[in-house]
Amino acid sequence: MTHVHLTSLVLSLIFLIIIVVMQNKGKNIRIWHMVLRATYILIIVTGGILFFAAYSIPLSYYLKAILGVVMIGLFEMVIVRKQREKKTDIIWIAFSIVLVILFALGFTLPMGFNLIK
């Protein structure tokens, strides 16, 4: 299930890049935005399965779950603020920080991948 969760996260990042590039060109992003929202559902479902599959749930899993929901909110904030032609600089900074923390937590938690073997 970890593979599906990580794949859906990477897909959502790719869709976000596509949406931002299309917004910069002034194109319609409605369909891509709906596809991105479908990946949110996949991320939440697979994350929930991984969360409840843990034998005992330490505090770091709760932190990762909360930050995951915050990350989805940041995805939406970037897209909507860009549509309304508002500044997104602070949102991008928060997005980057939360993304790094999420990947660090995801790779260090017991159910994650161990990159340093």
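No lab work stands behind these numbers, since they all come straight from the coordinates. Computed from a predicted structure; not experimentally measured. Cβ placement follows ideal geometry from the backbone for every residue including glycine, while neighbour counts extend to all protein chains displayed.
Modelled label positions at Ile17 and Ile97, each set 7 Å beyond Cα in the direction of Cβ, lie 2.4 nm from each other.
Which entry in [x] 14.0; [y] 15.6; [z] 15.1 is this structure's computed Kirkwood radius over Cα pairs in Å? Correct label, based on the coordinates given: [z]. On the beta carbon distance between Asp89 and Thr7, with R0 = 41 Å, the FRET formula returns roughly 0.90. Couplings for the range 71-77, taken from phi via the Karplus curve 6.51 cos²θ - 1.76 cosθ + 1.60 with θ = phi - 60°, read 4, 5, x, 5, 3, 5, 5 Hz in order; Gly and Pro are left as x. What you get for the range 1-113, charging only the Cβ of Lys and Arg (+1) and of Asp and Glu (-1), is a dipole of about 460 debye around the Cα centre.
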